Amino acid sequence: MNIHRTPDPIEKLALVGDANRFEPVGDRPQAERKPSAAPLHFVDEPQIPRSAADIRPCITHVSTPQGKKPILKAMMTTACERNCYYCPFRAGRGEMRRVTFKPDEMAKTFHQLEQARLVDGLFLSSGIINGGVTAQDKIIDTVEILRRRYGYQGYIHLKIMPGAEYDQILRAMQLADRVSINLEGPTAQRLDRLAPMKNYYDELLQRLRWAHEIRRQAWAEAPGLIRASIVTQFVVGAVGDTDVELLSLTGNLHRLGGLDRAYFSAFNPVSGTPFENLPPTPAIRERRLYQASYLLRDYGWDVEDLPFEPGGNLRTDTDPKTAWADLHLRERPIDVMRATREELLRVPGIGPVGADAILKARRQGRLSDLSHLRKIGLRGVERAAPYILLDGRRPPQQLSLFGVG
Ligand code: SF4
């Protein structure tokens, strides 16, 4: 007979392990994929932790708006009544031992880890048992305890469950620094093939709209009450989704839906799921999607500007900004002394900071040489060189070893 003793909280966290490591929590999502390799420091605390390996898989060192932090990635339960085809926690998958935390237990465990200086931030998600509203209540109860009983003021990122109520989203946004409402797919049809029990419009998009509305209202009526940013995540490449679909939706949500960031998670097959035999999505596709989404969010690009291939995906052999510049600027380079900020932002190697530095510097004198651009702090001078004019001329470019500019 196989008898399991009841695992303690640290063992339970370890059982959540790195199964949720494809869920990004910080500002540099691609850097978060590996479990933390940083050494952990031990304190004379009888319960926490017994060995470095115990909790390392649950901690990710990530960049957050408050700086780089060790974040505990945890779930209230790894049991779930839903059957999303890509998910290790899906109902009926027999390969894993499920664990469940009570709000008190999760809050206390996090508090002890935080007091031991092992973590400084929490990402809290959950499987769904008895509906999304019940799961959301448990997440919120945990964070209420953390904020009120333990006085924790640090970084918290909460998952909004499919079907959560308006008031739950409001409370989550009052308590957290960031909330995720994961759309998973770019259209209802794609979601249907990824997660047939999730309802795209009602359970997900509607909740995203509420979050946006809550923040807009709070900013108008009680500034400071809501500080949470709003993010979403897509599973990329499992069901034929294209980059143009993903980026069209992302662009719209940035412009009109209050979305602060989209996470793109390249699909990775999980054994024991219906998608176990599908090929993984190459990481480079995810990277190109991030680059393109920054162009939409921070550079004033429209989705129509992005150079998609005929199949609707971006090229993977070069970044989207360079691909666009090769098509449009090689023959008609941009005059650095005359270009608008928007035009400067089209040039590879010139970002918002660089564009502002150029605008400021050229009010004070001529920028007629690549060395002038270096002097004002432009980091991507070599990348920019093929696409600009300085003093009405193309600047000399360094020849590469293979004669390719
Ligand atoms: S609802 Fe969440 S935890 Fe449950 S199967 Fe779907 S993705 Fe996994």
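The values are calculated or read from the model by the stated rules, or taken from the named source; none is laboratory data. Bear in mind that the values here come from a model prediction, so they are computed numbers and not experimental data. Here the Cβ is made from the backbone with ideal geometry for all residues, glycine too, and neighbour counts use every protein chain on show.
In the set (1) more than 16 Å from the ligand (Cβ to nearest atom); (2) touching a residue at least 40 places away in the same chain (Cβ under 8 Å); (3) not charged (D, E, K, R), the condition left unmet by Gly67 is number (2).
Condition check: of a type in the set (Lys, Arg) and farther than 30 Å from Val244 by Cα. Does Arg366 satisfy that? Write out each step before concluding.
Details: of a type in the set (Lys, Arg): yes; farther than 30 Å from Val244 by Cα: yes.
Considered against the rule, which asks whether it is of a type in the set (Lys, Arg) and farther than 30 Å from Val244 by Cα, Arg366 comes out as yes.
Every test in (1) assigned to a loop (DSSP other than H, G, I, E, B); (2) buried (at least 19 other Cβ atoms within 10 Å of the Cβ) is passed by Pro279 save one, and that test is (2). Considering Gly258, Gly354, Gly349, the condition of being farther than 24 Å from Leu205 by Cβ and assigned to a loop (DSSP other than H, G, I, E, B) is satisfied by Gly349 alone. For His41, the conditions (1) within 25 Å of the chain's Cα centre (by Cα); (2) modelled with pLDDT under 65 are fulfilled apart from (1). Inspect the stretch 98-112 for any residue being in the same structural domain as Arg190 (by TED's automatic domain parsing), within 16 Å of the ligand (Cβ to nearest atom) and of a type in the set (D, E, K, R) and give the result as yes or no. Yes. Residues in the stretch 131-155 that are basic (Lys, Arg) and more than 19 Å from Arg178 (Cβ to Cβ): Arg148, Arg149.
The rows are residues; the columns are (1) buried (at least 20 other Cβ atoms within 10 Å of the Cβ); (2) within 26 Å of Val119 (Cβ to Cβ); (3) assigned by TED's automatic domain parsing to the domain that holds Arg261; (4) at pLDDT below 95.
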site	(1), (2), (3), (4)
Glu165	no, no, yes, no
Gln174	no, yes, yes, no
Gln189	no, no, yes, no
Leu194	yes, no, yes, no
Gln206	no, no, yes, no
Ala218	no, no, yes, yes
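Considering only residues in the stretch 163-202 that are assigned to a loop (DSSP other than H, G, I, E, B) and within 18 Å of the chain's Cα centre (by Cα), the one that is nearest to the ligand (Cβ to nearest atom) turns out to be Asn182. Close contacts from the stretch 113-133, counting a first residue that is closer than 26 Å to Ala195 by Cα and a second that is more than 13 Å from the ligand (Cβ to nearest atom) and among the charged types (D, E, K, R), with Cβ to Cβ under 8 Å and a gap of 6+ residues or different chains, come to Phe123/Lys73; Ser125/Lys73; Ser126/Lys138; Val133/Glu165. With the structure loaded, tell me whether Leu118 is out of contact with any Gly (no Cβ under 9 Å at 6 or more places or on another chain), surrounded by 20 or more Cβ atoms within 10 Å (Cβ to Cβ), assigned by TED's automatic domain parsing to the domain that holds Arg190 and among the aliphatic types (A, V, I, L, M) or whether it fails that test. So Leu118 passes the test. Just wondering, is there one or more residues in the stretch 118-128 that are more than 20 Å from the chain's Cα centre (by Cα) and modelled with pLDDT under 95? Among the residues of the stretch 118-128, at least one is more than 20 Å from the chain's Cα centre (by Cα) and modelled with pLDDT under 95, which makes the answer yes. Are any residues in the stretch 60-92 modelled with pLDDT of 85 or more, among the aliphatic types (A, V, I, L, M) and surrounded by 21 or more Cβ atoms within 10 Å (Cβ to Cβ), and if so, which ones? If the condition is that a residue be modelled with pLDDT of 85 or more, among the aliphatic types (A, V, I, L, M) and surrounded by 21 or more Cβ atoms within 10 Å (Cβ to Cβ), then Ile71, Leu72, Ala74, Met75, Met76 are the ones that fit.
Residues in the stretch 136-158 that are within 14 Å of the ligand (Cβ to nearest atom) and either surrounded by fewer than 24 Cβ atoms within 10 Å (Cβ to Cβ) or part of a loop (DSSP other than H, G, I, E, B) (or both): Lys138 only.
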